[in-house]
């Protein structure tokens, strides 16, 4: 049985997507529906349909399954604790449906995750974060920092403050000589 790795719920990009049901899955569901209908005719007291019967009939009519429905079926299989010979299990498609849903959902999520992973490995950042636009109207004091230019080379100010200009000139000369030697 296929296991999905790192499954954390539905994917918004897959919502609304429909998947064509393969013939082998339709055959498994069709056989279960026929068996259920013959058993139902024998049991006269059973007025309420078994869980999964309406869903199975809908799948057989449409021959496709929506993503949301696949997630519900997968959840049902994951939480099912009964016998695999039960009619409910077979109406949901049995092991055939369970394996097909697991592999299909796994392929779809990996198809969405793969390009993002490649982009993040090549150096692009924030590939797994949803796209959003920043609200520039909200500015707080801590994010706004004004950089004041350093005025240590302000010779006029230094003369006014009493620092001799020639010390700064000598420091500049030493810096130029040092830089030219490298």
The one condition residue 126 fails out of (1) in the same structural domain as residue 32 (by TED's automatic domain parsing); (2) outside any helix (DSSP H, G or I) is (1)
Residue 54 meets each of (1) out of contact with any helix residue (DSSP H, G or I) (no Cβ under 9 Å at 6 or more places or on another chain); (2) modelled with pLDDT of 90 or more with one exception, condition (2)
Consider residue 16 against the criteria (1) at pLDDT below 80; (2) under 25 Å from residue 112 (Cα atoms): it satisfies all of them except one. Which criterion is unmet?
(1)
Selection from the stretch 55-95 of residues that are assigned to a loop (DSSP other than H, G, I, E, B) and surrounded by fewer than 18 Cβ atoms within 10 Å (Cβ to Cβ):
63, 80, 81, 82, 83, 84, 85, 86
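The values are calculated or read from the model by the stated rules, or taken from the named source; none is laboratory data. Everything quoted here is computed from the prediction, not taken from an experiment. Positions of Cβ are backbone-derived with ideal geometry, glycine not excepted, and every protein chain shown enters the neighbour counts.
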